[in-house]
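**Student:** One structure coming up, written as structure tokens, with questions to follow.
Derivation of every value follows stated rules applied to the coordinates shown; laboratory data play no part. Everything numeric in this text was worked out from a predicted model, so none of it was measured. Cβ placement follows ideal geometry from the backbone for every residue including glycine, while neighbour counts extend to all protein chains displayed.
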Amino acid sequence: MGIPVEKTSPAPPAGQGARPVTRLGDRVFSGLSRGSGILLLVIMAAIAAFLAVRAVSAISADHGNFLTTFEWNANATPPVFGIAVLLYGTLVSSVIAMVIAVPIAVGIALFMTHYAPRKLGGVLAWIIDLLAAVPSIVYGLWGALFLVPHLGGLTSWLDTYFGWTVVLDQSNPGTAPRNLFTVGILLAIMILPIITNVSREVIRQVPQAHEEAALALGATRWETIRMAVLPFARSGIISASMLGLGRALGETMAVATVLSSSDVLSAHLLDPGGGTFAANIAAHFGEATELGRDALIASGLVLFAITLVVNGAARLIIARRKEYSGANA
């Protein structure tokens with residue numbers, strides 16, 4: 001008489017009815033991460049809602065066209081709130097800063113990672129980090145007391161040889177260059193550390209095998225950078241540039257210290273005048289009435305929307321270049 005044997009069914013294979021075992025720490029970390037992402041979205045939505053609610057009263061009270069009027073005068077009867085000059089100045093100064101800063105920043109990052117000796121690269125990295133730590137007001141004081149007095153020769157030279165472009169034509173030669181061109185140069189110096197540091201770290205992530213393969217095929221150092229390094233790091237460099245652009249769009253004190261604000265919208269970048277959203281808010285918020293503050297908040301809403309559009313466009317560009325994101329390296 002045999003001993004009865006209890007029949008047991010085999011354990012289900014993984015992924016077919018088996019419940020994954022998660023540790024308490026994993027669940028806590030997952031919840032905190034998800035909660036942080038949701039909190040960020042809530043904060044962004046709250047900021048947008050606040051700006052929109054406060055902006056409605058000012059836009060409805062404005063008897064002009066908020067988007068196309070040049071003048072900003074909260075003390076007029078009726079008050080006039082126009083952001084055309086501010087929009088133009090913000091975009092133009094930021095574009096000038098990007099045109100100057102991005103090539104220099106990428107060049108510095110490539111020099112530190114591929115050309116400079118290790119000790120020299122470390123010193124340059126320390127100097128770049130030091131530039132990033134300088135407060136905005138210090139940049140503004142340096143720009144007003146040093147950059148503006150010493151840019152007269154450059155603006156005269158640009159007016160002499162490139163005045164035919166109209167953009168670099170100076171209507172009143174000899175005036176102090178408190179203009180959008182000077183602001184663009186100052187912003188370029190301010191965003192240079194951000195773009196350089198992020199680009200340097202991205203370039204360092206390029207797989208060594210890619211560069212060694214290019215060199216083994218007979219490529220020069222520049223050809224290796226052009227064919228193996230820059231394509232791989234392109235999305236990261238774009239992200240770094242967008243971070244710098246965000247800093248340039250929202251810069252306040254440095255611009256307010258250097259720029260000679262006016263309500264004149266001029267295509268001559270070397271003529272004094274112009275304005276930006278951030279500098280206008282900083283200059284008028286303290287003495288503004290309730291309606292004036294709502295108008296300033298409305299201009300902040302426009303700047304908020306511009307920043308969202310710029311970052312969204314950057315994400316689209318990066319998504320189209322995802323084959324170089326490093327995921328398949």
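**Student:** What net charge do the residues around L141 carry, taking every other residue with its C-beta under 15 Å from that of L141, with Lys and Arg at +1 and Asp and Glu at -1? Please list the in-between numbers first.
**Tutor:** On the way: positive: R178; negative: E251.
Neighbourhood net charge equals 0.
**Student:** Here is a follow-up. Report the calculated FRET efficiency for W157 and L230 (r = Cβ-Cβ distance, R0 = 35 Å), to the nearest 0.05. Display every interim value, and only then the final one.
**Tutor:** Values: r = 32 Å, r/R0 = 0.93.
Calculated transfer efficiency: 0.60.
**Student:** Another question, then. What ranking do 39-46, 152-159, 93-100, 109-116 get when scored by the average of other Cβ atoms within 10 Å per residue, highest first? Don't jump to the answer; show the numbers that get you there.
**Tutor:** Numbers: 39-46: 10.1, 152-159: 15.1, 93-100: 20.9, 109-116: 18.2.
Order by mean packing, descending: 93-100, 109-116, 152-159, 39-46.
**Student:** Quick one: net charge around S261, please, counting Lys, Arg +1 and Asp, Glu -1 for every other residue with C-beta under 14 Å from its C-beta. Working shown, then result.
**Tutor:** Values: positive: R178; negative: E71, D263, D271.
Here the charged neighbours net out to -2.
**Student:** Could you pull out every residue, at least 5 positions away or on a different chain, whose amide H is within less than 5 Å of the one on W72? Hs are placed 1.01 Å off N in the peptide plane, and Pro or chain starts have none.
**Tutor:** Under 5 Å from the amide H of W72 lie the amide H atoms of G82, each far enough along the sequence or on another chain.
**Student:** Starting from the Cα gyration tensor of region 180-329, take the square roots of the eigenvalues, sort them a ≥ b ≥ c, and report rounded, prolate or oblate (rounded when a/c is under 1.5, otherwise prolate if a/b is larger than b/c, else oblate).
**Tutor:** Details: a/c = 3.56, a/b = 2.36, b/c = 1.51.
It comes out prolate by the Cα gyration axes.
**Student:** Sticking with this structure for a sec: Sorting check: for 243-253, 181-191, which peptide has the highest mean count of neighbouring beta carbons within 10 Å, and how do the rest follow? Write down the numbers at each step before the final one.
**Tutor:** Working: 243-253: 21.0, 181-191: 25.1.
Descending mean neighbour count gives 181-191, 243-253.
**Student:** Restricting to DSSP H runs of at least four residues, report the calculated mean residue ellipticity at 222 nm for the chain, -39500 (n - 2.57) per run over all residues, nearest 500 deg cm²/dmol. Present the calculation step by step, with values, prior to reporting the outcome.
**Tutor:** Details: 12 runs with 202 residues, N = 329.
Computed mean residue ellipticity for the chain: -20500 deg cm²/dmol.
**Student:** Can you work out ³J(HN,Hα) from phi for every residue in region 297-302, in order, using Karplus 6.51 cos²θ - 1.76 cosθ + 1.60 and θ = phi - 60°, giving whole Hz and x for Gly and Pro?
**Tutor:** 5, 5, 5, x, 5, 5
**Student:** Which of I104, H284, S261 sits closest to the plus end of the dipole of region 44-324, meaning its Cα is farthest towards the positive end, when Lys and Arg get +1 and Asp and Glu get -1 on the C-beta?
**Tutor:** The one lying farthest along the dipole's positive direction is I104.
**Student:** Using only Cα atoms, locate the centre of region 131-168 and the centre of region 27-69, then give the distance between them in Å, rounded to an integer.
**Tutor:** Measuring centre to centre over Cα atoms gives 35 Å.
**Student:** Right, here's the next one. Mind ranking 202-209, 30-37, 226-233 by how tightly packed they are, going by the mean number of other C-beta atoms within 10 angstrom, highest first?
**Tutor:** Working: 202-209: 14.6, 30-37: 10.0, 226-233: 18.6.
Going from most to least packed, we get 226-233, 202-209, 30-37.
**Student:** Ok, one more. Evaluate E = 1/(1 + (r/R0)^6) for A45 and A133, where r is the Cβ-Cβ distance and R0 equals 51 Å; express this FRET efficiency to the nearest 0.05. Please list the in-between numbers first.
**Tutor:** Values: r = 32 Å, r/R0 = 0.63.
So the FRET efficiency works out to roughly 0.95.
**Student:** Quick one: if the Förster radius is 25 Å, what FRET efficiency do S33 and L316 give, using the C-beta to C-beta distance and rounding to 0.05? Working shown, then result.
**Tutor:** On the way: r = 25 Å, r/R0 = 1.00.
Using R0 = 25 Å, I get an efficiency of 0.50.
**Student:** Classify the chain from the C-alpha gyration tensor, please: rounded if a/c falls under 1.5, else prolate or oblate depending on whether a/b exceeds b/c. Present the calculation step by step, with values, prior to reporting the outcome.
**Tutor:** Values: a/c = 2.98, a/b = 1.48, b/c = 2.01.
Here the chain falls in the oblate category.
**Student:** If you don't mind, there's one more thing I want to ask. Using only Cα atoms and rounding to the nearest 10 degrees, what angle (0 to 90) does helix 118-132 make with the longest principal axis of the chain?
**Tutor:** Helix 118-132 and the main axis of the chain meet at about 60 degrees.
**Student:** Related question: Counting pairs of Cα atoms in region 78-165, how many percent are more than 18 Å apart?
**Tutor:** Values: 2687 of 3828 pairs.
Roughly 70 percent, once rounded to a whole number.
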